[in-house]
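Undergrad: Sharing a structure, written as structure tokens. Questions coming.
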Amino acid sequence: ASGLAAALRLLGRGVQPSAGEHLRELAIPVLLVVGEQDPSYQTLARDLERRLPLSRVVVIPGAGHALLGENPEAVAEAIADWVR
């Protein structure tokens, strides 16, 4: 419990610096993968998609925040499609 608490204090979304003003400068493709049952990260991903010129959002069905544990096959397929 103390390790998780420390990780959240140091690495949580609320303490990370914002790169918002620099996103339009990013000139590489970006795949934003979010879970169907994670509405807050879907909102964040859609906002990033609007600000990143070469991005796409993929929503993984039946998954929440722990995508790789909840639907790893769909995540792998989304990445494979993106790479192709």
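Undergrad: Among (1) of a type outside the set (Val, Ile, Thr); (2) part of a loop (DSSP other than H, G, I, E, B); (3) open to solvent by less than 50 Å² (accessible area, probe 1.4 Å), where does residue 14 come up short?
TA: Failed condition: (3).
Undergrad: Next question, about the same structure. Working only within the range 17-26, note down all residues that are open to solvent by 80 Å² or more (accessible area, probe 1.4 Å) and either in contact with a helix residue (DSSP H, G or I) (Cβ under 8 Å, 6 or more places away or on another chain) or modelled with pLDDT of 80 or more (or both). Please lay out each step first, then the result.
TA: Narrowing the range 17-26 to residues open to solvent by 80 Å² or more (accessible area, probe 1.4 Å): 17-18, 21-22, 24-25.
Within the range 17-26, 24, 25 qualify.
Undergrad: Give me the residue from the range 27-84 that is assigned to a helix (DSSP H, G or I), touching a residue at least 40 places away in the same chain (Cβ under 8 Å) and of a type outside the set (Phe, Trp, Tyr) and, out of that set, most open to solvent (accessible area, probe 1.4 Å).
TA: Among those that are assigned to a helix (DSSP H, G or I), touching a residue at least 40 places away in the same chain (Cβ under 8 Å) and of a type outside the set (Phe, Trp, Tyr), it is 79.
The values are calculated or read from the model by the stated rules, or taken from the named source; none is laboratory data. Remember, predicted model here, so these are calculated numbers, not experimental data. Methodologically, a virtual Cβ is constructed for each residue, glycine included, from the backbone with ideal geometry; neighbour enumeration extends over all protein chains shown. Each accessible area value is taken on the protein alone, full model and side chains, heavy atoms only, with ligands, DNA and RNA left out. Shrake-Rupley method; radii C 1.70, N 1.55, O 1.52, S 1.80 Å.
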